[in-house]
Each structure stands twice: as structure tokens, then as C-alpha cells.
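The values are calculated or read from the model by the stated rules, or taken from the named source; none is laboratory data. Every value quoted in this text rests on a predicted model; they were computed, and no experiment measured them. Please note: Cβ atoms are built from the backbone with ideal geometry, for glycine as well, and neighbour counts cover all protein chains shown. Note: areas computed on protein heavy atoms with side chains; ligands, DNA, RNA excluded. Shrake-Rupley method; radii C 1.70, N 1.55, O 1.52, S 1.80 Å.
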Amino acid sequence: MIGLRTLRAAAMTAATLGGLSGALVGLLSEQGRRARIAIGVLEHLWPAPDGVYSDDGGDPLRFAVLGDSMAVGVGVTHPSQMPGVLLAQALAEEAGRPVRLSTCAVSGSTTRDLVPQVDAAVRDAPQVALIIIGANDVTSRLGVGESARLLGEQVRKLRAAGCGVVVGTCPDLGIVRPIPQPLRYVGHRYSLRLAEAQTAEVSRAGGVPVSLANLLAPEFMARHVDMFSSDRFHPSAVGYEAAAGVLLAPLCQVAGLWPGWRTPALPRRSAAALALRPSRVPGWLQRRHA
């Protein structure tokens, strides 16, 4: 699951706010402990329903899904609601041909864990790949620069194998309500920094980055009851449907299904970032982040 085991305030502090007082470190550590208690435990953890969708006996488009629990679809109540399934069905409809889904994503993964996933995917010679990664990098000790560099390496490996790659960049953890302030603000700032670095590195590597924070945060904030699953941390089926909606067009682009379509440019700061009021966080803490 995204960060459930590694939601350590001290790790965030070391990565983003080096040099803070012991009192603040203690505060953030205590808030991390409280957040782990507040975040529920999911009852349904479904296996990936890999296979051929819209099978008509023709040659299928090979589609691989890699990354963390958001790529897997942790939080849904039925396998048919998983993002890989939703996108495989939509791609089959757009392509007018079958799509073979291969899920290499593993819940709890950081960008370091992409190497075996990509190696497994390449052996299957995918034509299109989706990567969703980054949230666990925020809640572990993986630095922004290293995380983005490792992601770029794996995107290049897939591109060298002839695979079109779409990357859903790090979501904005500032919208997860069970995480209290100021810990939520720390995760929020870190996740936006990581998403920005991922975007630059993925573009250089020949992939197509999609800003999940910018595109999804407004709706998740406005409809948090509907968009989050029962653990209040992972997306619900409705949330994954929204994510699939913003990922489908870029996937069609790299699959060659929509010639001439290009991903629109997006602002660097998400709506969640703009919605965070300065008064929620002490001014001196904001200055530390600036």
C-alpha cells in the first residue's frame, strides 16, 4: 500500500527539512504515528486480473502496468474496477482490437523497485506501458534527484525495447486528510517537488508524463468521501475511474491510436497546492520550505 508501512515523519523531515529542532521532529513523528492509526485497513486486496480483453482472436495490443499500489488498484472492491482493467478495456475499444494486460506493479513499491518490474515487462515485449510511482518515495528516504533519475533509467529501458511509455507522476499527498498538519504540508511539498522532477526526467527519456496531482487533486479534494476508499488513503473505484480518464488519452497517443494528439501543458503547482492556506502552517516553516 502507498506508504502505510513507511509513513515516517522522521524520514520526511530528514529528506525535506534538515536541521529542524528536536521538538518539531518529535511533533512530526507523533503525527506520523497518529496518521498510521487513522488510516484504515482495507479488506479486499485483489490479484491482478491479467489476460486478453475484447478477445476476438486477433493479434492483441500488449499493455503493461508497472508501479505501486495505485498502479495495482489497491482500494477497489472488485477486480473489474482496477485501473489496468479499465484502461485495457478502453484501449481495446479505441484500437478496435484486443488488448493483453500484464500487471507487473507491486503494492508498496518505490522507484528503486521498478527494475525487476521493468525487466519482467520487457520479456513480454509490451507495446504500451503505464507507470504510476512516487508516493512511497515521499514516505521513505529516497531523495527527489535519485528517484527521478532511477525513473528515467527505467523509462529509457522500455523505450529502447520499442515500448511507448506513459508515467503518472507522484500524486499530491497534501489531499490525504488523515495525515495531520504540519506533516501533511511536508508530504505535500515533497510530492510536488518529486512530481516536477519526474516530469522533466520522463520527458528527457522519451516518455509522456501525466500530472496526477494537477489533474486529479481538485476533484479528490471536493469529493473526498467518494474518491477515497474505506482506508481514506487509497483511491476508491470512483477515484480510479477518474485517474483512468486522464491517463487514457496519453496512452492512446503513445500507442499510435490518436495521431497528432499531444498532452497539454499543465501548471507546475497543483490545485491542492493553491488551496492550502498559508495560515494552516507556521510562517517560519513555510520559509524553510521555500
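Values for this structure:
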quantity	calculated
Filter result for Val186 (touching a residue at least 24 places away in the same chain (Cβ under 8 Å), among the β-branched types (Val, Ile, Thr) and surrounded by 19 or more Cβ atoms within 10 Å (Cβ to Cβ))	yes
Yes/no for Val166 being hydrophobic (A, V, I, L, M, F, W, C), buried (at least 24 other Cβ atoms within 10 Å of the Cβ) and either within 16 Å of the chain's Cα centre (by Cα) or within 20 Å of Val144 (Cα to Cα) (or both)	yes
Pairs, first within 18 Å of Leu194 (Cβ to Cβ) in segment 213-241, second assigned to a helix (DSSP H, G or I) and polar (S, T, N, Q), C-beta under 9 Å, six or more apart	Ala213/Ser191
Answer residue from segment 89-111, given it is hydrophobic (A, V, I, L, M, F, W, C) and open to solvent by less than 40 Å² (accessible area, probe 1.4 Å) and is nearest to Phe63 (Cα to Cα) among those	Leu101
Leading residue by the ranking (nearest to Ser236 (Cα to Cα)) among those in segment 33-73 that are open to solvent by 40 Å² or more (accessible area, probe 1.4 Å), modelled with pLDDT of 75 or more and among the aliphatic types (A, V, I, L, M)	Ala48
Residue pairs meeting the criteria (Cβ under 8 Å; at least 6 apart or on separate chains; first among the basic types (Lys, Arg), in segment 101-113; second at pLDDT 95 or above)	Arg112/Leu150
Condition met for Val76 (crowded, with 17+ Cβ neighbours inside 10 Å, of a type outside the set (Gly, Ala, Ser) and assigned to a loop (DSSP other than H, G, I, E, B))	yes
